[in-house]
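Visitor: Got a structure here, written out as structure tokens. Questions coming.
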Amino acid sequence: MASRRVSSVLSRSFTSASLFSAGRSSSVARGIGKYSTDASFEAPIIPSVKVNYTRLLINGQFVDAASGKTFPTLDPRTGNVIAHVAEGDSEDINRAVSAARKAFDEGPWPKMTAYERSRVLFRFADLVEKHNDEIATLETWDNGKPFEQAAKTEVPMIVRFFRYYAGFADKIHGLTVPADGEYHVQTLHEPIGVAGQIIPWNFPLLMFAWKVAPALACGNTVVLKTAEQTPLSALYVATLLQEAGLPPGVLNVVSGFGPTAGAALCSHMEVDKVAFTGSTDTGKKVLELAAKSNLKTVTLELGGKSPFIVCEDADVDKAVELAHFALFFNMGQCCCSGSRTFVHERVYDEFIEKAKARAEKRIVGDPFKGGVEQGPQIDSDQFEKILRYIDYGIKSGATLETGGGRLGTKGFYIKPTVFSNVKDDMPIAQDEIFGPVQSILKYKDLDEVIRRANSTRYGLAAGVFTQNIDTANTLTRALRVGSVWINCFDVFDAAIPFGGYKMSGHGREKGIYGLSNYLQVKAVVTLLKNPAWL
């Protein structure tokens, strides 16, 4: 998928209704009121796809957990059980790591030509493209994100990521290095070995692609732990990788919980590298477990509290729309969400009124319905957390402009919420809420907003809205974050690296930088006798 703002894709209509049961209206007009919602007026649309893969994938076979335990994965629209999934624990991690270890040490994958590896990844991308709607349906059902978003943006991005790294597979090479003396020096870039990967629930498929694609392109084997809230889509696409020709044991998928399966993976002595996306607090535990075991390398993509800075020269209507997207996209469940909206005092009052009006027009409802912008939050824990932070905002003195509570009577829907008069020391301005809560702060000049924007433990991303190139350049260099979007937001092209400063993580994913996470560099020095030249 070419580099473009995700919202431009979501704005298009999507008409496919073949995956849903007949008799449900696709119109969003009926029952529309404030917040343009129909979430509480109709029974949820029933997806017609079947959940066929609920067991662990170990050494090319779907198997039950060693304990025989399962856990329910829930539909966030209702809280009802979709399916019961095998609950992997330390014994299952041991089995998966053993399979991955053998596949790396003895199996064909790292010994296969890079061109052959690339062909497998290309075939997989073709299969994902072919099964786009089924995959998107599982993602929406398990996660609650709008189907249009999953089908038209996220699944095509998976295809793009795998094709991008498939193209890199036979272009990974070292250097010939000049050195003093009669020596021939070269560097080899070798696969690191068994990669343990832990993905989050907010973008299960995209994080699968961000981690699995570069690891496989480099010749590694993988043990992937899914988030307990969203295990279904990863298990499904893993079958397509096998269909594409991936040898047994190269990719193993274990569903389970962090304190058991996740901790076992991070601590395992036969795992050579761990990649984790999730909260900063959990990232600390991952790093600790890796250090206490075999000092395996770790990459971390963690939390954020990203500033979105609206400058005094802004076209307010456009700034409001982009700031709205930056915060509310994916129900606000986005690590780089523009969750601190800094607005220059000259346009502050106008911005507040228009931001409130935009939030009240947001279409919230069943994510399988056409035109819906916002579905439910992932689960009851996240739902209650967001409501607590809304209460903190009110009690700490911020002005609740709109929203502020539950929407409907079932499922985990929350009204799009806007706060004004937010101060830097309020919890809603300091903590990662991970929900549809926009906090708007006023500032006077660039020096002030730079200082305030940087005064957080996070440093994942930032947005800047301005027509002045000098202002943009000043902010680009001053903000201590891993990504800065100028007059755009959430541009996630396969070639663009992503990662954070400070407590937002270590390392970069995507692009050429993502390969380095899964490679070792070896220097080879050979003594030359009577060299013709040096």
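Visitor: Hey, can you tell me all the residues within region 352-378 that are in a loop (DSSP other than H, G, I, E, B), touching a strand residue (DSSP E or B) at 6+ places or on another chain (Cβ under 8 Å) and open to solvent by 30 Å² or more (accessible area, probe 1.4 Å)?
Guide: Residues satisfying the conditions are Ile363, Glu373.
Visitor: For the structure I just gave you, tell me whether Gly283 is assigned to a helix (DSSP H, G or I), small (Gly, Ala, Ser), over 15 Å from Ile58 (Cβ atoms) and out of contact with any Lys or Arg (no Cβ under 9 Å at 6 or more places or on another chain).
Guide: yes
Visitor: Also: For Asp317, only one of the following conditions fails: (1) surrounded by fewer than 23 Cβ atoms within 10 Å (Cβ to Cβ); (2) touching a residue at least 60 places away in the same chain (Cβ under 8 Å). What is its number?
Guide: The single condition Asp317 does not satisfy is (2).
Conditions tested, residue by residue: (1) charged (D, E, K, R); (2) in contact (Cβ under 8 Å) with a residue 24 or more places away in the chain; (3) assigned to a loop (DSSP other than H, G, I, E, B).
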| site | (1), (2), (3) |
| --- | --- |
| Glu384 | yes, no, no |
| Leu400 | no, no, no |
| Ala429 | no, yes, no |
| Ile433 | no, yes, yes |
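Visitor: Right, another one. For region 287-302, give me each residue that is surrounded by fewer than 24 Cβ atoms within 10 Å (Cβ to Cβ) and not in a strand (DSSP E or B).
Guide: Leu287, Glu288, Leu289, Ala290, Ala291, Lys292, Ser293, Asn294, Leu295, Lys296, listed by residue number.
Visitor: For residues in region 470-486 being farther than 16 Å from Ser306 by Cβ and among the polar types (S, T, N, Q), which is least open to solvent (accessible area, probe 1.4 Å)?
Guide: Thr471
Visitor: Another question, then. Looking at region 454-477 only, could you name the residues that are in a helix (DSSP H, G or I), under 26 Å from Gly303 (Cβ atoms) and charged (D, E, K, R)?
Guide: Of everything in region 454-477, just one residue is in a helix (DSSP H, G or I), under 26 Å from Gly303 (Cβ atoms) and charged (D, E, K, R), namely Arg477.
Visitor: If I go through region 490-517 residue by residue, how many of them are farther than 13 Å from Gly304 by Cβ and either open to solvent by less than 50 Å² (accessible area, probe 1.4 Å) or at pLDDT 95 or above (or both)?
Guide: Our first condition is that a residue be farther than 13 Å from Gly304 by Cβ; within region 490-517, this holds for 491-497, 506-517.
If we keep only those that are either open to solvent by less than 50 Å² (accessible area, probe 1.4 Å) or at pLDDT 95 or above (or both) as well, we get 491-497, 507-517.
Total satisfying the criteria: 18.
Visitor: Further question: Quick check: is even one residue across region 164-177 among the small types (Gly, Ala, Ser), more than 18 Å from the chain's Cα centre (by Cα) and open to solvent by less than 10 Å² (accessible area, probe 1.4 Å)?
Guide: Looking for residues that are among the small types (Gly, Ala, Ser), more than 18 Å from the chain's Cα centre (by Cα) and open to solvent by less than 10 Å² (accessible area, probe 1.4 Å), one finds at least one in region 164-177, hence yes.
Visitor: Ok, one more. Go through region 449-469 and count every residue that is open to solvent by less than 40 Å² (accessible area, probe 1.4 Å) and within 14 Å of Arg340 (Cβ to Cβ). Step through it out loud before you land on a result.
Guide: So the first thing to find is which residues in region 449-469 are open to solvent by less than 40 Å² (accessible area, probe 1.4 Å), and the list is 449-450, 452-454, 456, 458-466.
Subset that is within 14 Å of Arg340 (Cβ to Cβ): 449-450, 452-454, 456, 458-465.
Total meeting the criteria: 14.
Visitor: Suppose we filter Gly338, Gly283 for residues that are under 30 Å from Gln149 (Cβ atoms), crowded, with 24+ Cβ neighbours inside 10 Å and in contact (Cβ under 8 Å) with a residue 40 or more places away in the chain; which single one remains?
Guide: Gly338
Visitor: To continue, here is another question. Take Glu190 and decide whether it is touching a helix residue (DSSP H, G or I) at 6+ places or on another chain (Cβ under 8 Å), surrounded by fewer than 23 Cβ atoms within 10 Å (Cβ to Cβ) and among the acidic types (Asp, Glu). Give the steps one after another, and end with the answer.
Guide: Working: touching a helix residue (DSSP H, G or I) at 6+ places or on another chain (Cβ under 8 Å): no; surrounded by fewer than 23 Cβ atoms within 10 Å (Cβ to Cβ): yes; among the acidic types (Asp, Glu): yes.
Judged against the criteria, Glu190 is not a match.
The values are calculated or read from the model by the stated rules, or taken from the named source; none is laboratory data. Small disclaimer: the values here were computed from a predicted structure and weren't measured. In this analysis, Cβ positions are derived from the backbone assuming ideal geometry, glycine residues included, and neighbour counts consider all displayed protein chains. The accessibility values were calculated without ligands, DNA or RNA, using every heavy atom of the protein model including side chains. Shrake-Rupley method; radii C 1.70, N 1.55, O 1.52, S 1.80 Å.
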